[in-house]
Every structure is written in C-alpha cells, then in structure tokens.
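So the structure is just underneath, and the comments pick up after that.
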Amino acid sequence: MTVKDNIATLKLTSGEELLSIVEKASNPLQLKLIRPVLVHKQNTMAGPVLSVSHWLMFTEDNEITIDRKNIVALKYGIE
C-alpha cells in the first residue's frame with residue numbers, strides 16, 4: 001500500500017472539505033489525519049477553480065486525531 005492509497009477526501013459536519021493522508025488511530029472511534037488541507041472552490045468566468053490552504057495554520061504539528069462522528073463522508077483515492 002502506498003501513501004497515495006491513504007489519501008482521502010473528507011467532508012466534515014462543519015461543512016469543510018479536506019484532503020489528507022488518513023491512517024487508523026489507536027481509538028477505533030477516531031482517525032488520524034496527516035498534513036490535512038482545506039479545499040476551496042471558486043467559480044470564475046473561466047470555470048471552477050480549486051485551491052487548498054493549510055487546515056492547521058497555527059501549529060507546526062501536521063497530524064491530528066479527529067472523531068469519526070465529525071465526518072459526514074470519507075472517500076479514499078483521488079482522481
């Protein structure tokens with residue numbers, strides 16, 4: 001299994017959409033997100049434009065454990 005196989009899109013209950021490397025956490029009710037980025041979609045005259053920004057802007061630690069109950073949708077793989 002490669003890192004690419006662990007990349008997932010997550011939709012949170014807050015409405016935020018993230019791209020992240022996802023691993024199992026020690027607690028089965030949680031997931032470990034590594035280097036998560038927040039996805040932004042902007043509609044322009046040329047069509048939709050996607051960009052990303054750091055989700056954890058004010059920390060040097062790029063890993064966070066999140067409760068599964070805060071995730072609405074989770075899809076592995078990117079296209």
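The values are calculated or read from the model by the stated rules, or taken from the named source; none is laboratory data. Because the structure is a prediction, the values reported are computed rather than measured. FYI the Cβ positions are ideal-geometry reconstructions off the backbone, even for glycines, and counts take in every protein chain you see. For the accessible areas, the whole protein counts, side chains as well, though only heavy atoms, and no ligand, DNA or RNA atoms are used. Shrake-Rupley method; radii C 1.70, N 1.55, O 1.52, S 1.80 Å.
All conditions but one from (1) modelled with pLDDT under 95; (2) assigned to a helix (DSSP H, G or I); (3) of a type outside the set (A, V, I, L, M) apply to LYS69; the one that does not is (1).
Conditions tested, residue by residue: (1) basic (Lys, Arg); (2) over 18 Å from ILE7 (Cα atoms); (3) surrounded by fewer than 16 Cβ atoms within 10 Å (Cβ to Cβ).
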| position | (1), (2), (3) |
| --- | --- |
| VAL39 | no, no, no |
| GLN42 | no, yes, yes |
| SER51 | no, no, yes |
| PHE58 | no, yes, yes |
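Would you point out which residue out of LEU29, LEU50, LEU38 is in contact with a helix residue (DSSP H, G or I) (Cβ under 7 Å, 6 or more places away or on another chain) and either in contact (Cβ under 8 Å) with a residue 40 or more places away in the chain or closer than 14 Å to GLU17 by Cα (or both)? Testing whether each residue is in contact with a helix residue (DSSP H, G or I) (Cβ under 7 Å, 6 or more places away or on another chain) and either in contact (Cβ under 8 Å) with a residue 40 or more places away in the chain or closer than 14 Å to GLU17 by Cα (or both) leaves just LEU29. Against the numbered list (1) at pLDDT 95 or above; (2) over 10 Å from the mean Cα position of the chain (by Cα); (3) open to solvent by 70 Å² or more (accessible area, probe 1.4 Å), ALA46 comes up short only at (1). The number of residues in region 1-30 that are assigned to a strand (DSSP E or B) and not small (Gly, Ala, Ser) comes to 13. LEU33 versus (1) open to solvent by less than 80 Å² (accessible area, probe 1.4 Å); (2) part of a strand (DSSP E or B); (3) at pLDDT below 95: which is the lone unmet condition? Only one criterion is unmet by LEU33, namely (3).
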